[in-house]
Structure formats: C-alpha cells, structure tokens
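Comments concern the structure below.
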There are 2 protein chains.
Amino acid sequence: MATLTDVARRAGVSPATASRILSGSNKPVSEHLRTRVLLAAEALQYVPNVHAQQLARAQPTAVGVIVHDVSDPYFAEITRGLQRVATDAGRLLFICNSYREPEREREYVGLLHGHRTAAIVLAGSGHRDPKTARAIATRLKQYQKDGGRVAVIGRHLHTPGDAVLPDNEQGGRLAGTELCRLGHHRIGVVAGPAGLTTTADRLAGLRQALRERGRTLPSKRIAYADFDRDSGARAAADLLDANPDLTALAVGNDTMAIGALAVARERGLKIPEDLSIIGFDDMPIARDLVPALTTVRLPLTEIGAAAMRLALAPPSDGPRTVTVEATLIRRASTAPPPTA
Amino acid sequence: MATLTDVARRAGVSPATASRILSGSNKPVSEHLRTRVLLAAEALQYVPNVHAQQLARAQPTAVGVIVHDVSDPYFAEITRGLQRVATDAGRLLFICNSYREPEREREYVGLLHGHRTAAIVLAGSGHRDPKTARAIATRLKQYQKDGGRVAVIGRHLHTPGDAVLPDNEQGGRLAGTELCRLGHHRIGVVAGPAGLTTTADRLAGLRQALRERGRTLPSKRIAYADFDRDSGARAAADLLDANPDLTALAVGNDTMAIGALAVARERGLKIPEDLSIIGFDDMPIARDLVPALTTVRLPLTEIGAAAMRLALAPPSDGPRTVTVEATLIRRASTAPPPTA
DNA sequence: TACGGCAAGGAAAGCGGTTTCCCGAGCGCT
DNA sequence: AGCGCTCGGGAAACCGCTTTCCTTGCCGTA
C-alpha cells in the first residue's frame, strides 16, 4: 500500500508538506509543490489510512447508530433520517443491528466507543428490566465521560444524553379514542414485547383512553408479541380464540397488524365489517394493505433526523428532549362494530 | 481517555505486558500480573483505541457492504444474510447506502479502502453505462491490489472479484413461461431502471420465454421505472392507458408490483380475473398482499450469506462464481386471461 | 548594508497500540 | 560448579499520519 511517505518521496517533498496538501491544512503551500504532490498521489493510487489519520487527529468524525434491525421498516425509516443528517454534516455513519439482544447492544456501545465515534444514537425502545437498562446506561455514561455524545430515540431508563421521544402514550390514546368513537366496547390488544418501554407506553395510553370512556381492558384481552409479523398473527389468533366477541383489535405496530389481517382473512372475518384493526407507526406499506390500514403515524424519518441533529449539536448543560407527536391516520380497516 | 499506558502504569507493568494480556497474545503471562492488569483496566474503564490497534496490527478485521438502500426490503434481506455470516466470523460489518448514485458508490469504495476493511461486498445490480461501471471497477481493482477482497452480488461489468449471481434471466423466463402457460398473449412489462444489468437480464429472460411461445413483446408494452412503489404505479398506469387490452403484467420487482396492484384497485380491475400480475424477488410482504402476489423468488438472505462467505474466504486464483436459482412462487395474483 | 519580519517548507514529536528483540532469572544437566 | 536452556517480562521500534516548532531564504525598511 502506498503511504503518505511514498507520495512525499516521489514528489520530492517532506511528508509534512504532502499531508498539508492532501488533507487540506490551512497552512499555505506553493502551487508548484501542490501539483507535484497531487500528481504523485494520483500516480501511486494513494488512499490515506483512516486509522492513522484518526489517531493523529484530535476530534473524531464518524458517528454510530444502534438499531434493533435495519430490515425492520420502522428502523429503516429512522435510519434514513439519521443518514441524511449525518451525510449532510460530512460524517460517516456506522449502522449496528442489535437484533434486540441487550448483550449485543452493550457490545456495540463498546465497539463504537473503541472506534472513538463522535456520537452514538440509540434507536428503539429501551429495556424495562432495570438490570439490563442500567448496564447499558453505565457503558454510555463512560462513553460520555470520554467525550462522546449520546442521543436516544424513545424512552430509556437511567440513560444519559439527549432524547427524541415519540409520544407513544398519546399515540395509544389516539388509537383507543378512535375505537371508542366508532362505538367499540370489546377491544383486544396485540401488544409489543412485554419488556420494552414503547410497549408499556402505548398500552398505557390506550388503557387510559378506554377507561375514560368507560371501557375495561381485562388482561385476557391483551396478548404480547414480538413486534414481528408471525408472532403478531399468533397473538391475534389466540386473542380471537379466547375472546370470540371482540369487535376491534388495537395492534402494537403495523408489522404485527399485517399478521392480524392475515389471521382475519383466514378465518373469513371481514375487515372492517366484522372486526376493526388499527395499527401503529404508519409504515409505508400500510396504505397498500387490503384493506388499507388505519394506524397511528409516527414521523419516523423526522425522528431520526432530529436525533442526529441532537447528537451532532454541541453538548448542552442539561439533557435536551424533543417530543414528537403521533397522529391518527384513518384508512379502511376500521369502522363501527357490527350491529349484532 | 484512559490509555494502555495508563493501565500498565497503574498495574506496575510495561505497556507490552498489558497489551499481551488485554488483547490475548499467545505469549504466556503469569497469572499474577494478569489479574493486576485486568483489575487496573477495569478500574480505569479502559477501552482500547481501535484505530491504534488497527494501525499497529497487520490484518484488518472489519468488512464493508455497499447497498443501494437498506430500507429497501430487497437489500434488507441480503444485508441480513451478510450480517449473519460476518458476525459469526467475528467481523464488524460497515453498511453503506449508495442510494443508487454511482458517485456515492465510488466514494464509499474509497472510504472502505481507507478504513482498510478486509473485504467489500457490492450488493445490487451493476451499471450498464460502461463509463460508470469502469470507474467503479478501477477503484475496486486498486483496492484488491492493496489486499482487499471483493465480492459482488449480481452481474457487474468489468468488475473484479468473486460474484454471486442470482439467475435473473432464468427468473424472467420463469415469469414469462408461467404467463404463457396460463394462456396470456398480450403481456405488459413494468421493467426496472433501464441502466441496470438486473433489469436487462430479467427482461431478456422474459422476452425469450415469450418468443419461444410465439408471443411478441413490442416496446409499447414495456415501461421502465425505478424499482420503487410509486414509479411502478405510474408505469403500470401508463401501460394500461396505452394498451387497454393487456391481460397480464410482468413486473420487475415486488415493490413496483405493489404499485401496480394499487393502480389496478383504483381502476376497479379485478386481480387476477381481469388482469394477472406477477412480481419478482418474493419479498416477505408478498404473501400478505391481497391478492397474495405470484412472484419469482430469489433466496435473498442466502445470497447475502454466500457473498459474505466468498468475501471472507481466502483469495483463489481465478474469480469464483456462485449462481443462485430463481423459483416460481404461485399465489393468487395470476390466473388465465378473461375469456372475453 | 544590515536588520527585523514573514512566509514556506522540513524535522521531529507524538497519537495509542503491537511486536520484535533482548535480558535476566531459574532450571536441569554434565 | 559451570553450562546452556527455557521462560516471563521490558525496551524500543514501528504502524501512517498530523502538527508543532524550527529553519531558511527573502522581502522591505532604516
């Protein structure tokens, strides 16, 4: 591999001069030498060693994001927003998939710390288990102490740094309110993984909306699943088996709602005539489902962008918080209950 | 930031010894010192500087992949396969989104080169424009000369390195054959971007199948789009406007097929009674569409895994090629043409 | 003509690790 | 007792680049 020294030698200058020319120092260099060095670099196919640069330079330039899974449209959209802002700021973005394993998440924090990234964005809900939450928080605090910036998306217990908070509770209320407004009384819930704050928040909002309108939400009408299609389908099936009289299903995210729709179709239930289904997130595919999915929309790309902006902003005294509103998107999967 | 030297000092040993203990050298060290160093590292919250390590060490450890867009399910699935194999091999994977801009693609090759990654995987179809193809190929060759390994997914002109080739042409034949078998004669095609080899191959296979069965494929029955939902919808609409007598639509990928389905729905066309639609890729969502999408399946995760295995395998004399078969998945969006 | 000031380029000191090479101690052997 | 091992540990070179600090040559000025 050609090194800077090789280039310098070939151009007949010192490494110092070559460095100044090739990495745009503010120290002036004569036009004469400049072209010589540039030519030499070209001839030798010189590619600077990022590690050496990073080691010699003071401030880090890359940033990292840890998501549960980029192939999940939820995170894909968030990542798109993060990426856009990072690229605009001239930063390289490292994308890490934790696949929802706290262990791996911790590992990645260490890894990004080791890479001396300027900032870490933690996307995806935090863990409700205080033990794992604290373990990750500890790592992050250490990273911050070493000068790293931290931003999280969603509520994370004990976690330091700035935060972008999708208003999941309000979103849950929106869903509950809408179903009540349509006249539903027996509402089933396919909730997300029991351990996540996102799940808890969405559920809390929903429950509040129902209670305020005199509905009850007994635990036999709640099933927990893993935010993916198949477990959502299973949960929906279980729920319908245990409660054949349900008229509506509030589902914790759109992906699981897809599973719920499939189950309904298999059973010959007409949506929305026999059963209303409402999702959460408003993934791009939601409008193309049949029937088009009524859902609670979160501006995911915008959330990602906001998080990256926070992460790249100079550190503030206290932690900053940006709250993002959820909005209801009415489509074709909800209607008044059947007038039995 | 605590450095290795700090740890060594605190433990009362030389940096050499500390390094040997902390990064698992094969040189034996007494148990006594080992615990002292480990304790010191723990106390100082020591996190090794990856850049320094990479600089000092010989072989690189990370690998990179350049995809068009991870949020596209097609690439998300491929990435999942890549990720799995990379992680199993203890490698960090850098994911880069080119957003289909050749410029950015070149840039990323340079970036990964600069990071001294062990391998680069180029996912997504190559460019048919010889100029851009050659520009990228040049960069890659240079990377290879410096010891980097290269693997590409899909056909890439002039590109060096190992390749995983989804048999797009065969897939196109499969789609064409199926439509002919069902009795269709006037078949429209929503093709992918005109510049991509993937598009050309799928189209070639399709065309061949039709010709062999005595069908023609005049250019007015072909519309090019960008592999995304909305442009697919537009292309389908244009096609139906220009050829109201079409009985089937072969679409270049599932994402565009979603758009085509939406257009058909808007126009009150019954699928598959009035119009058959066949997709390509078999994205996870395909089975959940209504009607469930008949499509040509590519084992995307497996393709990603194969590419990473090639990239991590020791270099061979000649370039290796793995061809991956496409298979037809019959679902509900295709049927015999209406018996007018 | 002599001198200060300034600008361009080079020498060299790191950045934070790894690894080669060397040294000294302890051992078994003749 | 003297010899040559092996074996654990440290000194120092080095990875490739940036940057501070210093040198040198040139200009304008008195």
For this session: Enumerate by residue number the trypsin sites (Lys or Arg not before Pro) in the range A:42-95 meeting two conditions: DSSP loop (anything except H, G, I, E, B), and at most 15 other Cβ atoms within 10 Å of the site's Cβ.
Result: A:ARG57
Problem set entry | Gyration tensor verdict on the range B:237-337 (Cα atoms; rounded if a/c is under 1.5, prolate if a/b is larger than b/c, oblate otherwise) | prolate
Exercise. Cα centroid distance between the range B:292-330 and the range B:1-43, in Å?
Worked result: 45
Seminar exercise, completed: A correct Karplus calculation of ³J(HN,Hα) over the range A:280-291, with 6.51 cos²θ - 1.76 cosθ + 1.60, θ = phi - 60°, whole Hz and x for Gly and Pro, returns 7, 3, 6, 5, x, 6, 3, 6, 9, 6, 10, x
Exercise. Which one of B:ALA56, B:ALA335, B:ILE78 is farthest out on the positive end of the charge dipole of chain B, using unit charges on Cβ (Lys, Arg +1; Asp, Glu -1) and the Cα centre as origin?
Worked result: B:ALA56
For this session: In nm to one decimal, list the spacings between the A:LYS220 label point and its equivalents in the other copies, with label points set 7 Å along Cα to Cβ, shortest first.
Result: 6.5
Seminar exercise, completed: One finds the C-alpha centres of the range A:182-206 and the range B:52-129 to be spaced, in Å, by 38
Problem set entry | Position A:ARG57, label points 7 Å along Cα→Cβ, spacing to each other copy in nm (shortest first, one decimal) | 2.2
Seminar exercise, completed: Label points for B:THR327 built 7 Å along Cα→Cβ; distances to same position in the other copies, nm, shortest first, come to 4.4
For this session: Determine, from the Cβ-Cβ distance of A:ASP241 and A:SER14 and an R0 of 51 Å, the FRET efficiency 1/(1 + (r/R0)^6), rounded to the nearest 0.05.
Result: 0.05
Exercise. For the charge dipole of the range B:96-143, defined by +1 on Lys and Arg C-beta atoms and -1 on Asp and Glu C-beta atoms about the Cα centroid, which residue among B:GLY114, B:ALA137, B:CYS96 has the Cα displaced farthest towards the positive pole?
Worked result: B:ALA137
Problem set entry | DSSP-defined beta bridges in the protein assembly as shown - what % are antiparallel, rounded to 5 | 10
For this session: Please give the calculated 222 nm ellipticity per residue for chain A, where each DSSP H segment of at least 4 residues contributes -39500 (n - 2.57) and the sum is spread over every residue; nearest 500 deg cm²/dmol?
Result: -14000 deg cm²/dmol
For this session: Determine, for B:ASP317, B:ASP129, B:ASP226, B:ASP162, the number of other Cβ atoms within 10 Å of each Cβ, and report the residues in order from fewest to most.
Result: B:ASP317, B:ASP129, B:ASP226, B:ASP162
Seminar exercise, completed: Mean-square fluctuation maximum in Gaussian network of chain B, Cα pairs under 10 Å, restricted to B:LEU93, B:LEU179, B:LEU39, hits B:LEU39
For this session: Kindly state, to the nearest 0.05, the FRET efficiency for B:THR61 paired with B:GLU302, given R0 = 22 Å and r defined as their beta-carbon distance.
Result: 0.35
Exercise. What ranking of B:VAL263, B:VAL290, A:VAL70 emerges when the number of other C-beta atoms within 10 Å of each C-beta is taken as an exposure proxy, fewest first?
Worked result: B:VAL290, B:VAL263, A:VAL70
For this session: Work through the residues other than B:ALA326 whose Cβ is under 11 Å from its Cβ and net out their charges, Lys, Arg +1 and Asp, Glu -1.
Result: -3
Problem set entry | chain B: most fluctuating residue of B:ILE187, B:ILE285, B:ILE95 per GNM, C-alpha cutoff 10 Å | B:ILE285
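Just add up the charged neighbours of A:MET1: K/R +1, D/E -1, any other residue whose Cβ is under 13 Å from the Cβ of A:MET1.
Residues near A:MET1 contribute 0 overall.
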For this session: Return one number: the angle in degrees, 0 to 90 and rounded to the nearest 10, between the long axis of the Cα atoms of helix A:168-181 and the longest principal axis of the Cα atoms of chain A.
Result: 30
For this session: For chain B, set up a Gaussian network in which alpha carbons nearer than 10 Å are linked by springs, and say which option among B:LEU249, B:LEU269, B:LEU44 fluctuates the most.
Result: B:LEU44
For this session: Sketch the reach of a paramagnetic label on A:HIS185 as a point 7 Å from Cα along Cα-to-Cβ, and name the residues of the range A:208-236 whose backbone nitrogen lies under 15 Å away.
Result: A:211, A:213-218
Exercise. Where the centroid of each part is defined by its Cα atoms, how far is the range B:248-281 from the range A:146-178 in Å?
Worked result: 39
For this session: Please state the charge dipole magnitude for the protein assembly as shown, taken about the Cα centre, from unit charges on C-beta atoms (+1 on K and R, -1 on D and E), reported in debye and rounded to the nearest 20.
Result: 1480
Problem set entry | Pair A:LYS145, B:ALA292: separation of 7 Å Cα→Cβ label points (nm) | 5.6
Problem set entry | Total formal charge among the other residues, if their Cβ is under 12 angstrom from that of B:ASP238, Lys/Arg +1 and Asp/Glu -1 | +2
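Computed from the coordinates by the stated procedures, all read-outs in this text should not be read as laboratory data. What you see is a predicted model; the values in this text were computed from it and never measured. Neighbour counts are summed over all protein chains in view; Cβ atoms, including those assigned to glycine, are modelled from backbone coordinates with ideal geometry.
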